[in-house]
Structures are given as C-alpha cells and as structure tokens.
Amino acid sequence: MGLLRVLAVILVIGGVVGVYYAAVKSPMPIVPIKDLENNILMNYATVYIEGIVTSPPRVDISGGKLRLTIYVRDNSSPTELPIYAYDPLASEILKQGVDKLPFIGDRVRLLIQVRVREDYTYAYLQDARGIYILSRPSGERVYVDSLVNIAQYSYVCSKGTVRNPRNVSAGLLFDIRTATGTVTVLVPNALYYAYSNELVRPIVGNLSLPGTYVDLCGVVYYYRETSPEIVVRELEEVRLPVVQPVLFTVIDIRDVPNYINKDVSITGLFYAIYYSAGTYYVEIRSTDEAFAVNVTMSRAQVISLLNPATVGWKTLVRINGTVTAPSMLRYVAGEILEKKDPLTVTVADALSHPVGRPLRIVNATVTSSSTVGAGNWRIYIRDASGSTILVFVPSSTVSELGISLPQPGTVVDVAGYREVYGGEQEVVVISREGLVIRG
Amino acid sequence: MIVVEYFITVFDVILWGLMGASLGLALSWIPGLHIANLMILVLYATPLFTGGNEYAAPYFALGAVVAFSFMSSIASTYLSVSDESMMLMLFPSQRYLLVGRGHRAVLLYCIGALIGALFLAVFMTTIGVVVMPIIYNLFSPYYWFALLAVVLFMFLSEWPKESDLGRSGLERLWLAWRQILGGLLVFFASGVLGLYATYSGLIKLEVSFARLTPLFIGFFGLPWVLRNIISRRTLPAQDTRHVVETAPSAVINGATSGIIGGGIAAFFPVITGGMGALIGGHMASSRGDDAFLISQGAARTVYYTGALFFLFHPTMRITRGAVAWLVGGLYTPKAWIEFYYGAALIILVAGASLLGTIYMSKAVAKLLTRVSYAKISAVIAVFLVALVYYLTGFNGLILLAAATAVGFAAMVFNTRLSYCLGALILPVLLNITGYTDEALTLLGIR
Amino acid sequence: MVTFFPPLLLDLINGVMWPVLAGVAAYMPDFVDFKFRKFLWRQDIVVDPAPRDPRTKLSPRRIKINKLSEAERWRLYYIQGYVGRVLEEREGFAKFTLRDETGEILVIARDRDYTKLRETLGSTIEEAARAKRRISISGFLDIGEDGKPYWNVADAPHPQLIANKVAEAIDRAYESGRMVTIKIHNIRVAGDFYRRFLVHYDQDNKRIIVYMGPLVSTGGLPLEGTEPPEYRKLGVAYTKYSFRKVYPRPTIIDAFSGPEIGYVKSGEVVEEVFIPWHRGFSHSVTASLIAGVVVGLLALLVGYTNYLYLAVACTLGYLAHVLEDQLGFMGSNLLPPLTKKRVPGLMLFPTRPGLMNFATNWLMLALMIWNLNRFSPQLGVTPYKLIRLSTVIQSIPVHLEDYALLGLLIAPTLLVYLAGVVDRSLFIRKYRAPGVEEAKRKETLEEALEEVGGY
C-alpha cells in the first residue's frame, strides 16, 4: 500500500504537469460579446472580451460591499455588457490608480466570468491583472467652450467658473460657464476611491462651490446618448488656478508696433494661418483689412479658438497677448466676437485662394491616399469642379481622428488652411473636425 | 391567475414534470453523472425549450432533479462495490450490498428521500415563505465565510483511520497525518485542475458549460468503476423483498440530519450535499447505518431539489447549482402560483420516483448477480470516457486522466472524496479573497 | 462568536477571511486531542489480539510456523500449508499436522470450529491430505496440557490474552504509582465486520473477565451464527491489587478504533481512566486564553488590523467549546495549573444527549441570527433590521426589541436545558453513581464516534 501511495502522488503530480503543458498552449480566447448574450451554455464561462468602455466607472455599495461597475461594447453587438467587480477585487483595482482603471472611451481587454439570466447577461471581472487597457483617448489640451458636435470619447479640456454643482449617484456633476457657452462636467465617484482622501477632498470641495474657477480635461460622454458631458479621468487634470488678473491694454491693431513687450488687447479679423518650425502664425487684420499682425499660437490654441472646421475666414476676434515684435503678438487669450461660418469652396476655388486662407471643401471624393513619414496622410480629393487638390493631414491630427486612412472613392468634407509645400498646392487639416467621412 | 394560465397550465406542469422525471429515472443510475450534465446534454443535443416552451423548462428540470435524487441511490449502492482492503471504512450501502441487502439500503435511502421531498415542499410553501427571505438577506454577505469554515471543518474533523497501526507515538502521528496530508494533496491538486479548466482555453468555448465535466467524472465516476473492475468482486445474491430494519427514532434522527445537511448545502453556494451532510450529521448526532442511509436520502433530495426550488420563490429567487443557472437562463418563474405548482410537482414526482427507484433496484439487484460486475463497470467506464471526449475533445481527456489520478489518490490515502470539490471551491475562495491573480501567475497561465 | 463583533463581520463581507480562525479555535480542543494527543499518548501496553494483514488491513494475517512462539499465544492468525498426518478425525474433532515451508505444527479443531473448517475445505481433513491441497487455517497458538504447543482452529483470538494484559496493566499501575495506559486493538475481518469483545471488571474478586462475542457491523448489529464456542469464549485473569470500578457494565470493544484505557493508583486501589488523553489541558479556560493570545499575536504579525477583536473572538469560540462540554458528564479540568482535577459536568439531559447537542447547536445559530440582524444596518447590508419584533408585537418597545428577539430565539434551547435539569435529577435519583459513570463512559464514546462519523 505504501507503493500505491507513492504511485498516487506521482500520478497526481504527473497529471497536473500534463494539464499545465496543455493549458499553456491553450490561451483563453477573446470572444465577441454577441456570443455571450442570452447563451445559457455560456454561463460561468471565463473568457476575454475586447471592446470600448461606454460609460464612466461607477462605484456603489451593494450588500455592504464595494462594487465597481463598467459597461463595455464591442463591434459584434449594439448592447453594452455590464461588468462588475466586488470587494476585495474592486478596491484592489481602484487602488492601482486611474492608469489601470477602465474608463470611458478606453479600448480594453478584460478577463470576465459570464452570467446569463433569462433576460440579461452580465459578467464579473476575475482579477486586477486581467484588465488590459489597450488604448485610451488622449491628445493635446484642446479647449472647448461647448460640447456641441464634439464626438463621444474625445479627450477635451475646458475652463471657466463652476455653476450648479450637485451630487448624483455617479459622482459630482456641475456646469462650467466658459467664455462662450456651458459645459457639463462629471467627476465620477470612482475617483474618490482611486485617490487618497487628502487629494480628493480639497478638489471635490472646491468644485462643489459655485464660482470656483477651474481648468480641467476629460473624456466626452453622452449621458443617455443625448446629453454630452466631460468626465474627468484624472484629478491631476483638474486645475484650480488662482486667477491673477492680467491687464491687457486695449489698443487699435495699428498701434501694435508702439507696444513692444507690453500686454495688449486687439480686435481684428481672422485672416490666415501659417506654419513654420513648430509654431502657428495666425494673421489678424484690421477690420478694413489694411493692417495685419501675426499672432504666434500653439496648435492647441489655434484649435481651441480658431478651429478652421468651425470658425470661418474673417471672423471678428479679440486677441489678448504680448507684443514681441512690431507686427507680432504672442497669444495669451482670445474670444470670438462675431463668428463667421467656414468659407466653403470647391476644389477649383480652393486652388485659387492664397496660402493661409482657412476654408472648407465639402463632398469631395478621395482619388488616392497614402501614409508618409511618421504617420502623416496625403489624400488627393476631387469634387464636382473636376479639380484635384492635395489634403495634408499631419500625424498629430491623424492620431486624434480615430479613423483609418480614407480609401479612394470615399466622400469627405475637409476643413483647414491653404498651403504650398514643395511646389504642390494643398489644404492642411489641423483639427480632427477638419476631416469628416461622408460615405 | 389569467396571466399565468396564459404561460403555463396545470396539465403542462404535470406533463413536463413527468417528462423530466422520466429522463432523471432513465439516466440517473449511471455513476459519476450529475443531473446538471444530463440537463446540459438535453439542451445541447436537442434544444427542446426554444420556441415557446421556456415556461415549462423549470418544471422539466424539477422533475428530473427529484427523480435524480432518488435514482442516484442505485449507483451509490450497487455500482460502487469496494474491497475492505481498499477502503478502511466502507459506506453502509456497500456493506449492505456485500451481505446481500443492497435493496434494503435503497429502501432506507428512499425513505429519507421521500421525507426530504415532503418536508421541502411543505416547509417552503408555509414557514419558508416568510423565513427564507430573511435568512437569505442575513446570511448572503457571509456565504464565502461559511464555505471556508466548512472546508476547514472537513479537514479538521477528518478521522485518521490508519494510526492504530503505528508502533510508536511518532509513527502513529505520521500515519494519522499522512491521511490528512493526502487530503490536502487531493484538495489542492483538484483545485489546481479546477483553475486550469476555468482560466485557460483547454476546453473549447462552445462547450465551456462542460468545462468541469471531465474533472468530476474523473474524480467521482472513473475511480469508482475502475475500482469495481480491479476488485473483481462477486456479489452474493440480493434479497429483494420490501423489508427494512430500522426504528422510528433512527428515521427521525436520520431525516433530521439529512434535512439540516441538505438545507445547508442547498442554501449556501458551492457547499455540496456531502459537505452539508457532514455538518448535519454532527448537529443531529446521527448514529447507525440505517440512520445514515436515511439521512443520505433526505440530504440529497433536499440539496438538489431545494437548490433548484429556490429559483421558484418569487421574493427570493436565488440561483443555486448548475441546474438552476441553466434553467434560470431560459426562464425564471415569477408568480406565486408557479411556486406552488412546483411544490405540488415535487410531491408528485417524489411518489413516482419512489416507485421507479424501488423497481429499478430490484431489476439491478437481479442483473448484477447474473452479469459480471466487472463487465458492467467496464462498459460504464467506456461510456464515461466517450462522453468526455464527445463533449470536450482531447483536452478533456487530459483533464479526465489528471482528475482520475486525483480520485485514485483520495482512495489510496483513505481520505474524503469530497476534497475533490476543491476544483470548485479553490477557484471561488481565491476569487473572493482576491488572490486569483497570484494563483494564475503561479500556475503559468497569466 | 465572530458575529458579536461588527468590525470582523465587515472584514468578512469584504473578503478578508481572518475571522474564520475563531471557528477554527472553537474546534481546537478536540483537534488537539484527536489529532495529536491521541497519537502521542504513551501506550505502555499494546494488546493486538488479531494483527491485521498490511495489504488487506483485515484480520487474520498469515504467520509462518517457525514464527510461532509464546509471545504469539492466543493471537488470531492463519497458517497455510499442507496436511501432514491425520492423527484423529471424527465428528466434532480433528487432530492433524500441518506443514509449511518453515516447519510443522499440530492442529486441533473441535466443536463448531471443526464444522466450520470442514465447510471451508469442502471436504474432510483426510480428503484434503490425500488431495495434497494447500489449505489455510485460521486460529491461534495454544499450549496443551502436556506443555506442547498446538494450533487451535478458531475464528477469533482467545480472550485470555486480553484479560492477562489488562490485569498486568492494573498491577503495573499500582506498583509504579503512575498512570499505565493499555491500548487494546479491535479486530476487523472481511465484510467490514468487527469481532466484539467485552472487558468486565470484577472488583470484588479482583478478576478481569473478557468475553469474546460475535461479529458485528459498524452499526453494532450482530451477525447471526458468529458467537464463539463456549470453550474459548471466556478469559479470566487475576490482579494482585484491588481496583475500583464504579461503572457497572463491561467495556465493549468492537467497531472503529480500539480504546486506550489508563489505570492510575488512587489511594490503595487502581482506578480506570477511559480514553485518558481526552479532555485534559486542551479543554480548559486556560487553553482558551492561550489560544486567543496566540491568534492575536499571529494576526498582529501579519498586519491584520482587527487583531484584538479576532483574539477575543477566538478565546470566546474556544471557551464556548469548553463550556458546552461542561454541560455533559465528564467535565474538564478548567483552570490548570491552578486546578488539578476535573470539574464534573452539569450532566444535563442524560437520557437525551442528542437533544442537548441539537439544542446547543440551535443556541449558536440563534446567536448568529440575532447578531446579524441587529448589525446589518450599521454594516450597510440592509437599510433596516429585517426582524423587528416591535412591528409585529406592538407592546414591545423599540428599544427592547433586540432583547425580546434574543429571548424568543434562545427560548427553545433554554427549555431543553431546563428539561435537562429535571431529567438529570430523575436520572441520578434512579441510577445514582454507577449510572453517572455509565453516562460518562457513553459520552466519551460518543465523542470518539463523532470524530468517525464523517465520511
């Protein structure tokens, strides 16, 4: 019998080792969500799914335990799969920090165990390391004054004063009164657990006070698919600057050369955009179009204030800045005084417009396209006018577009500014709204 | 009432319930096959319930489960003969069989099963209506504590059977702890296999419902039949008269122990009938072979049937056990009238199953003394292997082989076969304590 | 006991399982006894009347003729070989020699043993000899009146062996002044049956009488037709010294494990201590305090926040076991090293120990329900208490409803305990001291059987 015991131990160890070798050669599959839904044979199946997180992570107390809830959707099914994690797993995930917390707009791969009920399907997260964040919305700090026409899951920023703060089940909800509009913001309660109390309390406390000036970034979410809001993803992206009033002397644009190194405020027409060595030069002209100054701006500043896709040629603007040269201002702040719609032209017309002109071409067809350099796109388009023009999309814009290179035959709308590069006429698209696929 | 009539009628309840009972009675005598496997096979091979029959699914399942709780006594009595040399303690049903009284063991079991079924139906439709939701809400946050406590109790309370053979204190201690260590080996090895089956792609996704089937057949089915083949036992002629030797006190004691044990197992997730019966036996101080057999019948019936019947309770509707999850995915009963239909069906099917089991017992008893026991076991072994292969393919056979080794180890170390439930319990315990991560990394599948 | 402490409950809700140690602590007293003390307890004398075959784990096992010696006298074995010379064979008696590869021995079969032997062989001894068949014969070595050894055909050992050893243990206990423990192995045979034998203490005559009984099942039911014949049914041994045996009935040894019995000199007599390793230090209040301290320190070391609550819960759990055992007969030595002797138990409900057990289990369950109900709102499990007696019985004020619920829940247990007190008085009046001793013995056996109960 002693020999039998030894044999039994050997067989057990051998069996487990055999299973190990078979198991490492059989990784867990990634399964489309539609294969899980309403499939009773999938009950208790442990699988990977891959998809987009479609709502802010929510934390609540269920049965005395912390519960983290996220919703994920993939391309296989229009429904969102609710995925839960209870303590201690929920706390473990939250403690890992926001870098590891699946957030709205993130493309994730999750290890889940499925539960199929009569009329709904849900899942449980299995462990913290079974969460892979494959990509998440990000980009430069592009400021918006309102969320109209801003795509869901975009990463945007906004600043202004807090209005109407209220606590909802999902977290702290408030509005920001921006320069020209209102933006709704949600600080999800998941962040209360992901950060220490010492960090959370002052921020949330300040945001709960109407009148607080805040500068924050986050991901756009359409609540109930209709009401857009910015969902703060990281508390580090919430800034509560103490606003130092800067006095800008209001002057006539023609007096700029007399105010070198001074902070001035001018009014003029948005006329052109030029680019050189990493800096954008926005031409502002006097209302009679006789006198021009160039305002140096970063890409993000241009898109925030003078996005060619939404702000048209000859829009009346106020620019606050510092005069650095007789015809040069360094941009500090700005606002739209009288907005004009983007100048919409045919390709043939665009070819005749001068370099720098912001314009828009609609319903043009892609004739060829390619990727060059470090991810820049070159797309030739033709419209009913019969002419063809090159559309250049820099890689910084490509990374924000979230689409793949449009193929010949695709109908697009393009908005940007006119440029000539290497002797070739082109339209440069600098914002993600500047290339829209029609079909 | 009108709304429910639209969904299901009394006639449907009886028809589908008896159909389920027929399935249970026809197949539950095969050792190592769980009723959940049978239900899955039905749904996988012939999806009867799509196309308007969903409301009948719970009653079909209820009939099958009640029948299974009765008919499974055939397997445990007649088809798990043991050599006393291979086991230091035979189960009472095995002892009865070896002295030609297998049928009496089945009768005692059926007495317990019938009492369990009646108790379940009456309790759940009276006191249970009020009490069970309260008990559920009070205890549900502590399920996993109860599970861990029961598992620890199983280990702590194991009786070392071989220690007497030691000549010195240390040798006796070693012999005793060898058995306990064997139990730990079985528990953790089965737990590891459970983790591999659950968290790897070994089993095809389409049959993930059967991911544990190779393991459970390997733990509980194959070692049984292999042992039957090895022991080459011939059975004495069986006395198939309808006679039992017991006393009212043993019936009460056994039934009480079984009902408590089965109730605990039905209520708490993952805790099985055997584990619940251990607790029930200690609580009710169960003694004697007859009381033990009666308690087994009561425990198994209350456990399997009770677990599914919770799904019918409109204000509780907790889902326990694989059958309930399967059925609940098709249709969950919602109205009180469905609940009461279910209770009535339990009593009806219990009566039918009692008769069916008694006559099956007589038939099997006669068959076993004519046909070679080893041959029957060999046929069953081939069937079980073929079933695993059909459901889960070659990888399933690998799991089956490993699980059979673990079941064999449990036998050889004379330790509790219940430890093989580690395949279910260990992944759950790791999950609720937050150590799944570490375990999967250790096992090389993270 | 964990349910008395909300911080521990909260930990359990959140998947922190340390509080389960309190449950482990509650089982510790019996775990220490049945998994350690039992095995490490010194066995001064070991009686193995029927050594088991190591492969089959059944008795008898084979012994070769050259190994038969005085030391093996009366032990049940089987010998295997060929019939040599048949010296005498008639109805009810046979005398012949058997030869194996190591030697030859005289074999005597008488009475029913002869009949059984013929049934087993399926022939007479003569016929077996002529056929030169290899045969196995169970029995024991005995010494004839002529002083020569012979093999006595039998299916059980001779009880004289056991009687001699018990007497020896008593005498040694007296002479040495310390406890002498005898381990008597049981006899397990094919079919999972056990040979029952009884040890009777005839203190008036300073005799130990051992009766060899029938085969019984593990459930204690005797198998018909297995009683030994009269000539080897009884073994009698005399002790040199007096012993006291208050317990009136014989000690029965049959299924499961054979007992350890201690003998200790008390004054001028030797007293029996049944299963001496049980209910010692492990079953004391002192041990419960130590358990709490050890667990608390362990928990502190691993960084568990609520280590203090856990320590208290473990102590209470351990103590609950000790106090529950105190409801029975045996009692325990509660406060060693301050106390040396066992404090006798409360002896509640001697005629229905199962009911006492059940009532005590219910008490534990009732306390759990009570605690979980009153703490659920504060733990966030439910928004309000689920059981609110003040809403059902209007006359109960809200601030007293918890106590009313407690009373209601534990009332069945209290009633059983009360009935137990009454039953105790009646029992003692009827059976007096011998009855108490018997009840103690039964309780000890029940505890031992409980350990075996789980499959």
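The values are calculated or read from the model by the stated rules, or taken from the named source; none is laboratory data. Being a predicted model, the structure only gives us computed values, none of them experimental. Note: ideal-geometry Cβ built from the backbone for every residue, glycine included; neighbour counts use all protein chains shown.
Of note:
Per-residue answers, yes or no, for (1) under 30 Å from C:G219 (Cα atoms); (2) at pLDDT 90 or above; (3) within 18 Å of the chain's Cα centre (by Cα); (4) buried (at least 24 other Cβ atoms within 10 Å of the Cβ):
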position: B:I2; (1), (2), (3), (4): no, no, no, no
position: B:I14; (1), (2), (3), (4): no, yes, no, no
position: B:T46; (1), (2), (3), (4): no, no, no, no
position: B:M87; (1), (2), (3), (4): yes, no, no, no
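- For A:I30: the one exception among (1) within 36 Å of the chain's Cα centre (by Cα); (2) facing another protein chain (nearest Cβ under 8 Å); (3) under 28 Å from B:A401 (Cα atoms): (2)
Condition check ((1) in contact (Cβ under 8 Å) with a residue 60 or more places away in the chain; (2) surrounded by fewer than 20 Cβ atoms within 10 Å (Cβ to Cβ); (3) away from chain B (no Cβ under 14 Å)) across all residues:
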site: C:F329; (1), (2), (3): yes, no, yes
site: C:P337; (1), (2), (3): no, yes, yes
site: C:R342; (1), (2), (3): yes, yes, yes
site: C:F349; (1), (2), (3): yes, no, no
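- Whether a residue is touching a Gly at 6+ places or on another chain (Cβ under 9 Å) and of a type outside the set (F, W, Y) was assessed, and A:T371 does not pass this test.
- When the range A:289-325 is limited to residues that are part of a helix (DSSP H, G or I) and small (G, A, S), the one that is surrounded by the most Cβ atoms within 10 Å (Cβ to Cβ) turns out to be A:S304.
- Unique residue being within 14 Å of chain A (Cβ to nearest Cβ), loosely packed, with under 14 Cβ neighbours inside 10 Å, more than 37 Å from the chain's Cα centre (by Cα) and not polar (S, T, N, Q) when the list is C:P383, C:P397: C:P383
Rundown of residues vs (1) β-branched (V, I, T); (2) modelled with pLDDT of 90 or more; (3) closer than 30 Å to C:R52 by Cα; (4) surrounded by fewer than 19 Cβ atoms within 10 Å (Cβ to Cβ), yes/no style:
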| position | (1), (2), (3), (4) |
| --- | --- |
| C:G258 | no, no, yes, no |
| C:G280 | no, no, no, yes |
| C:T286 | yes, yes, no, yes |
| C:L289 | no, yes, no, yes |
| C:G292 | no, yes, no, no |
| C:L298 | no, yes, no, yes |
| C:L301 | no, yes, no, yes |
| C:T305 | yes, yes, no, yes |
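- Residue match in the range C:8-19 (condition: acidic (D, E), closer than 28 Å to C:T181 by Cβ and either within 10 Å of another protein chain (Cβ to nearest Cβ) or surrounded by 19 or more Cβ atoms within 10 Å (Cβ to Cβ) (or both)): no
- Residues that are modelled with pLDDT of 90 or more and either of a type in the set (F, W, Y) or not in a helix (DSSP H, G or I) (or both) were ranked within the range B:414-443; the one that is surrounded by the fewest Cβ atoms within 10 Å (Cβ to Cβ) is B:L443.
- Strands (runs of 3 or more DSSP E) lying entirely in the range A:104-186 (those with 3 or more residues that are away from chain B (no Cβ under 14 Å)): A:131-135, A:155-168, A:171-177
- Checked against the criterion of being in contact with a helix residue (DSSP H, G or I) (Cβ under 9 Å, 6 or more places away or on another chain), surrounded by 19 or more Cβ atoms within 10 Å (Cβ to Cβ) and without any contact (Cβ under 8 Å) to a residue 60 or more places away in the chain, the candidates A:V183, A:V200, A:V204 yield just one match: A:V204.
- Being within 14 Å of another protein chain (Cβ to nearest Cβ) and closer than 29 Å to A:I40 by Cβ is not true of B:A409.
- Just one of the listed residues (B:A378, B:A363) is more than 24 Å from B:T213 (Cα to Cα), of a type outside the set (D, E) and over 21 Å from the mean Cα position of the chain (by Cα), namely B:A363.
- Which listed residue, of C:A411, C:A404, is of a type outside the set (V, I, T), surrounded by fewer than 15 Cβ atoms within 10 Å (Cβ to Cβ) and away from chain A (no Cβ under 14 Å): C:A411
- A:A384 vs. criteria hydrophobic (A, V, I, L, M, F, W, C), buried (at least 17 other Cβ atoms within 10 Å of the Cβ), more than 29 Å from the chain's Cα centre (by Cα) and outside any strand (DSSP E or B): no
- B:R211 being of a type outside the set (A, V, I, L, M), under 20 Å from the mean Cα position of the chain (by Cα) and within 12 Å of chain A (Cβ to nearest Cβ): yes
- Among the residues of the range C:24-69, those that are assigned to a loop (DSSP other than H, G, I, E, B), more than 10 Å from every other protein chain (Cβ to nearest Cβ) and either of a type in the set (K, R) or closer than 30 Å to C:L316 by Cβ (or both) comprise C:R61, C:K64.
- The condition (being small (G, A, S), more than 8 Å from every other protein chain (Cβ to nearest Cβ) and part of a helix (DSSP H, G or I)) is satisfied by just one residue among B:G194, B:G182: B:G194.
- Pair list, Cβ < 8 Å and 6+ apart or interchain, from the range A:102-118 residues that are without any contact (Cβ under 8 Å) to a residue 24 or more places away in the chain to residues that are surrounded by 22 or more Cβ atoms within 10 Å (Cβ to Cβ): A:R117/B:G328; A:R117/B:G329; A:E118/B:G328; A:E118/B:G329; A:E118/B:L330
- Restricted to the range A:63-82, and to residues there that are under 18 Å from A:S169 (Cα atoms) and touching a strand residue (DSSP E or B) at 6+ places or on another chain (Cβ under 7 Å), the residue that is nearest to the other protein chains (Cβ to nearest Cβ) is A:K65.
- Matching residues, the range B:358-405, being aromatic (F, W, Y) and either surrounded by fewer than 17 Cβ atoms within 10 Å (Cβ to Cβ) or within 14 Å of chain A (Cβ to nearest Cβ) (or both): B:Y359, B:F383, B:Y389, B:Y390, B:F394
- Among the residues of the range A:429-438, those that are of a type in the set (V, I, T) and either crowded, with 21+ Cβ neighbours inside 10 Å or under 15 Å from the mean Cα position of the chain (by Cα) (or both) comprise A:V429, A:I430.
- In this structure, C:D155 qualifies as within 39 Å of the chain's Cα centre (by Cα) and closer than 19 Å to C:P49 by Cβ.
- Checked against (1) within 26 Å of B:T256 (Cα to Cα); (2) at pLDDT below 85, C:P383 passes all but a single condition, namely (1).
- C:R130 being modelled with pLDDT of 90 or more, more than 16 Å from C:P229 (Cβ to Cβ) and surrounded by 15 or more Cβ atoms within 10 Å (Cβ to Cβ): no
- Filtered residue count, the range C:158-204, keeping only those that are assigned to a strand (DSSP E or B) and over 21 Å from the mean Cα position of the chain (by Cα): 1
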